[in-house]
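To keep things clear, I will list the structure first and then write my remarks on it.
The values are calculated or read from the model by the stated rules, or taken from the named source; none is laboratory data. Quick caveat: nothing in here was measured; it's all calculated off a predicted structure. Heads up, the Cβs are rebuilt from the backbone with ideal geometry, glycines too, and the neighbour counts pull from every protein chain shown.
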Ligand SMILES: C[S@@+](CC[C@H](N)C(=O)[O-])C[C@H]1O[C@@H](n2cnc3c(N)ncnc32)[C@H](O)[C@@H]1O
C-alpha cells in the first residue's frame, strides 16, 4: 500500500518549505537517531579539493564537515532550508557559502568541484538533467557520492514501523540496476557500496566522472 502521489508530494513539500523547522526532528525520528551518522558515511570518499553539498537541507552535514576542516559550498532550492542552514553554520562561527538554485541548473563553472555529495536526495537526483549538470561541474575524475539509504538497527517493532512509513511515502521505486544505468548514461563509472560511520550503516553510490567529458580551456 502507498499513499496517493499528490499527498506524498504535499507532505515533502511542507517538510522542505513551510515546515522545514521540523525537518531535523522528523529525520531523527525516522532514522531512530542515525540520520547524521548515515550522512557522515560520505567522509572517507571525499576527494581533496572544492566540495559541493547538493541539496544541503538544514545544513547538518555541512556543519559536520566544517568541524572536520572542510569548506563546503551548499546548494538547495528551498529558501526555508537555506535560512536554517545559514543559522546553523553561523553558530559554528563560519561564513556560510550557500546558494539557492535548482540541481538541474547549477550556477557553477565547468570543472568547479572535486566532489559533489548528495545525501538522501529526492527524485530530482536521478533526473538526466541533474546528473549531466553534476558531471559538468565536476573536475575530470571528480567524484559524486550519494547516500541513498540507511540501514535500520535491529529494533524489531520500531524497524517495522519505520519500514512501513517508508513504503507508504515512496513515489517511485527504481531498482539498483536502473539507478546505475541512469548514472552511467551521464558519463560516470559507478558502483554501490555499503559504508559505516559511528556504528551506523548506509548504502552509497560512488560515481567517478569520465575524464573526457570536460576539457580545460586552452
Ligand atoms: C530529503 S531532503 C535531504 C536534505 C539533506 N541532504 C539531508 O541529508 O538531510 C531533500 C532536499 O532537497 C531539496 N531539493 C528538492 N528539490 C531540489 C532541486 N530540484 N534542486 C535543489 N534542491 C532540491 C529540498 O529542499 C531538501 O532540502
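Close Cβ contacts (under 6 Å, 6 or more residues apart or on different chains) running from residues in region 200-218 that are farther than 22 Å from residue 140 by Cβ to residues that are modelled with pLDDT of 50 or more and outside any strand (DSSP E or B) comprise 200/34; 200/37; 200/38; 201/151; 202/38; 202/41.
Out of 87, 102, 109, which single residue is at pLDDT 95 or above and in a helix (DSSP H, G or I)?
87
Exactly one residue out of 62, 81 is in a helix (DSSP H, G or I), modelled with pLDDT of 95 or more and in contact with a strand residue (DSSP E or B) (Cβ under 6 Å, 6 or more places away or on another chain), and it is 62.
Checking each residue in region 66-99 for being within 12 Å of the ligand (Cβ to nearest atom) and closer than 12 Å to residue 51 by Cβ picks out 72, 74, 75. Output the residues belonging to region 22-64 that are free of Cβ contacts under 8 Å to residues at least 60 places away in the same chain and farther than 21 Å from residue 80 by Cβ. Listed by number, the list holds a single entry, 33.
Look at region 115-144 and say how many of its residues are part of a strand (DSSP E or B) and buried (at least 18 other Cβ atoms within 10 Å of the Cβ). Explain how you work it out, then say what you get.
The initial filter retains those residues of region 115-144 that are part of a strand (DSSP E or B), namely 115-119, 138-144.
Filter once more, so that each one left must be buried (at least 18 other Cβ atoms within 10 Å of the Cβ): 115-119, 138-139, 142-144.
Of the residues in that region, 10 qualify.
Tell me, please, whether a residue that is within 11 Å of the ligand (Cβ to nearest atom), more than 13 Å from the chain's Cα centre (by Cα), surrounded by fewer than 17 Cβ atoms within 10 Å (Cβ to Cβ) and more than 15 Å from residue 122 (Cβ to Cβ) can be found in region 42-62. No, because not a single residue in region 42-62 is within 11 Å of the ligand (Cβ to nearest atom), more than 13 Å from the chain's Cα centre (by Cα), surrounded by fewer than 17 Cβ atoms within 10 Å (Cβ to Cβ) and more than 15 Å from residue 122 (Cβ to Cβ).
Report whether or not residue 181 is modelled with pLDDT of 95 or more and over 30 Å from residue 6 (Cα atoms). Before you say what the answer is, go through the steps one by one.
Details: modelled with pLDDT of 95 or more: yes; over 30 Å from residue 6 (Cα atoms): no.
So residue 181 does not fit the description; no.
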